[in-house]
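J.: Structure provided below as structure tokens; questions to follow.
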Amino acid sequence: MDASDALADREWRLIREEAWSGPMNMALDEVAAETAAAGGPRTLRVYRWEPGTLSLGYHQDPDTVDWAHCEREGIGVTRRPTGGGGIYHDAHGDISYTIVAPDGELPGDLVESYRRLCTPILDAFDRLGVPARFAETGRPAVHEPACYLRELHPAHDVVVPGADGPRKVSGNAQHRRADAVVQHGSLTYAVSPERHLSVFADPGADAETFRERVTGIADHADVDRATAVAAVESSLREWADAETGAWTDAELSRGRELAAEKYGAETWTRRRPGQR
């Protein structure tokens, strides 16, 4: 990070990959924002979802979810504070990350902010030998409720170009509070179309179509998931000159409170579009 950057010379901590439930992962993002806004360290975190979880976009209609299937298969459901469509995450196919900093340290321009915060993510792909880059041209949406089947957006969708068109490998989103910015994203390690599509009530696509639109790290690099996670962690750490850190007891207590009262509550997960 350049010395003139507002994010340089700040206290950053990297919380290496942990496994949490969907509600707890979203709660910890909010906790990290509270910590940064209160003058504490800025947070970089890498995490996985256990059990497998469908994370819904903030405005997503709950009727797009196959709730019976999710309950039967033990798949958790939570709602993100960010927009976009639903994403199925599990401990094998997905690598998730979050970057949190005070609002005043990031550009007000959304595209510029994405470009800055996605720098370590693109660097991680480069380290792994995956030719990923921001989407330059759109592809029409196949199924709006599914994030990876929506129309590509050049501000925050990362793709791998190919002869048959770009295939999405990472989706990224920002939540801008009055006092902090949370950017989180999903990097696909291994593509599992059947699992991803099965969480939707009417997926609107088959496995072949999904594979035509989505790719994963394992499709382009002969590396195991642990190696891919290490590349993401190293890129984040070096980008921010961060120290390896951990949650405080108070942060974990606050996270469990938010997970129970907000991100795991049906009033949040089954909220109708337009409701608050």
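Readers should treat all values here as calculations from the given coordinates under stated rules, not as data from a laboratory. These figures come from a predicted structure and were not determined experimentally. Backbone-built Cβ (ideal geometry, glycine too); neighbour counts: all protein chains shown.
J.: Over the chain, with a Gaussian network built from C-alpha contacts below 10 Å, which listed residue (Leu110, Leu14, Leu54) shows the highest mean-square fluctuation?
T.: Greatest mean-square fluctuation among the candidates belongs to Leu110.
J.: Additional query: Taking the Cα centroid of the stretch 14-87 and of the stretch 136-184, what is the distance between the two, rounded to the nearest whole Å?
T.: One Cα centre to the other: 17 Å.
J.: Net charge near Ala250: determine it from the other residues with C-beta under 13 Å of the C-beta of Ala250, scoring Lys and Arg +1 and Asp and Glu -1.
T.: Details: positive: Arg254, Arg256; negative: Glu34, Asp249, Glu251, Glu257.
So the surrounding residues net to -2.
J.: Through the Karplus equation 6.51 cos²θ - 1.76 cosθ + 1.60, θ set to phi - 60°, convert the phi angles of the stretch 95-110 into ³J(HN,Hα) values in whole Hz; use x for Gly and Pro.
T.: Coupling constants for the stretch 95-110: 10, 10, 9, 9, 10, 10, 8, x, 4, x, 9, 10, x, x, 6, 5 Hz.
J.: Helix-only mean residue ellipticity at 222 nm, the chain, DSSP H runs n ≥ 4 weighted -39,500 (n - 2.57), per residue, nearest 500. What is it? Let's see the in-between values first.
T.: Details: 9 runs with 84 residues, N = 276.
Rounded to the nearest 500, it is -8500 deg cm²/dmol.
J.: How many percent of DSSP beta bridges within the chain run antiparallel, rounded to 5? Show your work: numbers first, answer last.
T.: Working: 31 of 46 bridges.
Bridges in the chain are about 65 percent antiparallel.
J.: So, one more: Using alpha-carbon positions, what is the distance between the centroids of the stretch 93-115 and the stretch 225-276, in Å?
T.: Using only Cα atoms, the two centres lie 14 Å from each other.
J.: A follow-up question, please. Calculate one ³J(HN,Hα) per residue across the stretch 27-42 by plugging θ = phi - 60° into the Karplus curve 6.51 cos²θ - 1.76 cosθ + 1.60, and present them in order as whole Hz with x for glycine and proline.
T.: Calculated HN-Hα couplings, in order: 5, 5, 4, 5, 4, 4, 5, 4, 5, 5, 5, 8, x, x, x, 6 Hz.
J.: Would you work out the relative contact order for the chain, in percent, from Cα pairs under 8 angstrom that are 6 or more residues apart? Write down the numbers at each step before the final one.
T.: Numbers: 565 pairs, mean separation 73.8, N = 276.
Once normalised by length, the contact order is 27 percent.
J.: Would you mind checking which residues have amide H under 5 Å from Arg167's amide H? H placed 1.01 Å from N; only 5 or more apart, or other chain.
T.: Correct list: Val160, Gly162.
J.: Turning to a different aspect of this structure: At a 10 Å Cβ-Cβ cut-off, how would you order Ile99, Ile15, fewest neighbours first?
T.: Details: Ile99 28, Ile15 21.
Going from sparsest to densest Cβ surroundings: Ile15, Ile99.
J.: Sticking with this one: Describe numerically, in nm with one decimal, the distance between label points set 7 Å from Cα along Cα→Cβ at Ala201 and at Ala246.
T.: Using points 7 Å along Cα→Cβ, the separation is 4.4 nm.
J.: Also, I was wondering about something else. Any idea what the relative contact order of the stretch 97-163 is, in percent, if you count C-alpha pairs under 8 Å spaced at least 6 apart? Let's see the in-between values first.
T.: On the way: 59 pairs, mean separation 18.7, N = 67.
For the stretch 97-163, the relative contact order is 28 percent.
J.: Which far-off residues, 5 or more places away or on another chain, put their amide H under 5 Å from the one on Val65, with H placed in the peptide plane?
T.: It is Ala201, by chain and number.
J.: Continuing with the same structure: Can you sort Cys147, Cys70 from fewest to most other Cβ atoms within 10 Å of each residue's own Cβ?
T.: Working: Cys147 25, Cys70 20.
The order, fewest Cβ neighbours first, is Cys70, Cys147.
J.: Residue by residue through the stretch 12-24, what is 3J(HN,Hα) from phi via Karplus (6.51 cos²θ - 1.76 cosθ + 1.60, θ = phi - 60°)? Round to whole Hz and write x for glycine and proline.
T.: My calculation for the stretch 12-24 gives 10, 10, 9, 9, 5, 3, 10, 10, 9, 5, x, x, 6 Hz in order.
J.: If you take every residue apart from Val214 with its C-beta less than 15 Å away from the C-beta of Val214, what net charge results, scoring Lys and Arg +1 and Asp and Glu -1? Walk me through the intermediate numbers first.
T.: Working: positive: Arg139, Arg150, Arg167, Lys168, Arg195, Arg211, Arg213; negative: Asp90, Asp94, Glu151, Asp157, Asp164, Glu194, Asp206, Glu208, Glu212, Asp219.
Counting the neighbours of Val214, the net charge comes to -3.
J.: So which residue, out of Gly171, Gly83, Gly74, gets the largest mean-square fluctuation from a GNM of the chain using Cα contacts under 10 Å as springs?
T.: Comparing Gly171, Gly83, Gly74 in a Gaussian network model of the chain, the most mobile one is Gly74.
J.: Show the residues, 5+ positions off or on another chain, whose built amide H is closer than 5 Å to the amide H of Arg177.
T.: Answer set, sorted by chain and number: Val182.
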